[in-house]
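These notes are about the structure you will find just below.
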Amino acid sequence: MGLITSRQLQQYYSEYKEREITFNHQVIDVLKLLPREVYLKCHGDKLPCVVYSSSMTGAKIVASLNAAVMQKLRLADNSVSLRLAFRRTEKREPLFFFVPAKITNYTFYNAGKPDLYFLSIEYTSKPPEDLIEMLGQLFDANTNFQRRKDERIDLNPTTIKALGVEGKEASLVVNKQVKKCIIRDLSFSGAKVLLFGAVAEDVQKTAVLQFSLTDQKQKILIPGTIVRFEEVVSREDIGAFGISFIEEKTPMSYKMMINNYLKIHRQAHG
């Protein structure tokens, strides 16, 4: 786990334990989940499964269960352990742990595949702290995305390092053209950028902001809309765009980046 206090873990658990998050591609990527290493364990048998969603009190999973497996589950009174595994950037070995659970509901997942089930499981004990931390950070980022969406972060050498971005340089895709730009500030909900050839006629056009993080090879891509144009004093060739991000298309990794910075900043100035 990262540098997080037991008090923060308890706060995460108290505030978010019933909240559920769907394991879509973004969430799987942010958590660094290793899907092929995930399975249910029952009396020593490994049952491959797919995590559909999870909270801190239970999960919904998809698994193939034939008659023999169903019999073993009945004999075990539906008691299982969910094995989760995650890639770690700082270590070669993955992080994995088992969460004791009980299957509370079986539903056919696909009428054409009678052995495929959608299972609801409840954790029978408090989950490991690693899982509380991971899910807590996701829920916290989504919560603050709404609470603090308009707090702006001016990019300077200090904030660039704290955010973990490579620098102010970025790209803006407008009208299918990639234009170099300079990021002036960032927030959960948008950004202000400077670029050559910015014109007022581009207001209300869709745009995609692209930039890189220092610890990731992939770029962050955030779709949005240009909502404002500003002239730059004494520079007719340069203009400023205010960009409003499309909320449902804002990457989870970006939300986490902004949330982590705002938390550290608030603590430092608290």
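The values are calculated or read from the model by the stated rules, or taken from the named source; none is laboratory data. These figures come from a predicted structure and were not determined experimentally. Here Cβ is always computed from backbone atoms with ideal geometry, including for glycine, and neighbour counts include all displayed protein chains.
Assorted remarks:
- Any chance K91 is assigned to a loop (DSSP other than H, G, I, E, B) and either crowded, with 19+ Cβ neighbours inside 10 Å or free of Cβ contacts under 8 Å to residues at least 24 places away in the same chain (or both): yes
- Residue that is surrounded by the fewest Cβ atoms within 10 Å (Cβ to Cβ), among those in region 200-218 that are closer than 16 Å to I182 by Cβ and touching a residue at least 40 places away in the same chain (Cβ under 8 Å): Q210
- Looking only at residues in region 55-77 that are farther than 19 Å from F108 by Cα and in contact with a Leu (Cβ under 8 Å, 6 or more places away or on another chain), the one that is surrounded by the most Cβ atoms within 10 Å (Cβ to Cβ) is M56.
- Test: residue in region 94-103 that is in the same structural domain as S14 (by TED's automatic domain parsing), more than 22 Å from V233 (Cα to Cα) and assigned to a loop (DSSP other than H, G, I, E, B): yes
- Residue match in region 143-156 (condition: in contact (Cβ under 8 Å) with a residue 60 or more places away in the chain, in contact with a Cys (Cβ under 8 Å, 6 or more places away or on another chain) and not in a helix (DSSP H, G or I)): no
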